[in-house]
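Below is one structure, written out as C-alpha cells; the observations come after it.
Since every read-out is calculated from the coordinates, none of them should be taken as a lab result. As the structure is a computational prediction, the values presented were derived from the model and not from experiment. Every residue, glycine as well, gets a Cβ built from its backbone with ideal geometry; the counts of neighbours run over all protein chains shown.
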Amino acid sequence: MSTPDIQELQQRAAIEDVLTRYCRALDWLDAESLEEVFWPDAEIDYGFFRGSGEAFVPFLLEVETRAARRWHASLNSAVRIDGDRAEVESYGLAQGTAAHEDRLTDTVFAGRYLDVFECREGEWRIARRKFVLDWTHSFPSGVGPFRAPGAAMKLHVLDVRESGHPEYRKL
C-alpha cells in the first residue's frame, strides 16, 4: 500500500470517528463532545435550525433533552476527500422516546447528512451540514421493563434525561 493510500485511509477513519462521536454525544447529552464535532463557524441547516455550529450545539441538546431516551446512528457514508476538505453523505437513523398524552411514544427519523468536512491544524470536523429528512414514524413505545419469555432476569433499560449519566464513559 502506498503512502497516499494510507493517508486517505487515515483521513476516512478520522471522518468516520467524527460521525460516530456525533451520535454518542447526542445519545448521552455530552455537550463537550458535541462541540468537538462541528467547527464553531460551521454552517448548519436542519430546516428547523439554520446557523453556526457554535449556536447549534446548545440548541440541539435542548431539543434532545425532551426525550427520555434517544438513539442515533450514521450509516453508509460516502466520502470524497480533496486535500483538507471532504464531501460526505451518510444516512442518519435516530429514535427518541418521549411522553405524549400520558404515554411513551417512540419516533424514528431517517434521513441523510450532506456534509462538508474540513481539516484544520490536523483535525477533521464538520464545516457544513444539511440534514434532509426521508421519513419518520411514531408508535407506542415498546420499551419498558423487558423480560424475555422464561427468563429470570430482565434487561437494563437506558434512561438519559440529562448529561452525566453514571453509565457514560468518555472514550
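Sorting Arg161, Arg125 on the 10 Å Cβ count, fewest up front, what's the list?
Arg161, Arg125
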**Request:** Work out how much length Glu101 to Asp159 would gain on full extension: take 0.36 nm times their residue separation and subtract the Cα-Cα distance, in nm to one decimal.
**Result:** 19.0 nm
**Request:** Give the residue from Leu93, Phe38, Val18 lying farthest towards the positive end of the charge dipole for the range 3-140; charges sit on Cβ (+1 for Lys and Arg, -1 for Asp and Glu) and the dipole is referred to the Cα centre.
**Result:** Leu93
**Fill in**
Highest GNM mean-square fluctuation among Phe131, Phe109, Phe139, for the chain with Cα springs under 10 Å, belongs to Phe139
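R0 = 25 Å: FRET efficiency of Leu93 with Glu62, Cβ-based, nearest 0.05?
After rounding to 0.05, the efficiency reads 0.70.
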**Item:** Among Glu101, Glu43, Glu16: highest mean-square fluctuation, GNM of the chain, C-alpha pairs under 10 Å
**Value:** Glu101
**Fill in**
In whole angstrom, largest first, the equivalent ellipsoid semi-axes that the Cα gyration tensor gives for the chain are 32, 19, 15
**Request:** Run the dipole for the chain about the Cα centre, Lys and Arg Cβ at +1, Asp and Glu Cβ at -1, nothing else charged, and hand back the magnitude in debye, nearest 20.
**Result:** 700
**Asked** In nanometres, what is the gap between the two model label sites at Glu32 and Arg50, each 7 Å from Cα along Cα-to-Cβ?
**Response** 3.5
**Fill in**
Ranked by GNM mean-square fluctuation in the chain (Cα springs under 10 Å), the top entry among Ser141, Ser74, Ser90 is Ser141
**Using alpha-carbon coordinates, inclination of helix 3-28 to the longest axis of the chain, degrees** = 30
**Asked** For helix 53-64, what angle does its Cα long axis make with the longest principal axis of the chain, in degrees from 0 to 90 and rounded to 10?
**Response** 10
**Asked** Normalised by the residues of the chain, what does the relative contact order come to in percent, with Cα pairs under 8 Å and at least six apart?
**Response** 21
**Prompt:** Given the rule -39500 (n - 2.57) for each run of at least 4 DSSP H residues, summed and divided by the residues of the chain, what is its mean residue ellipticity at 222 nm, to the nearest 500 deg cm²/dmol?
**Reply:** -8000 deg cm²/dmol
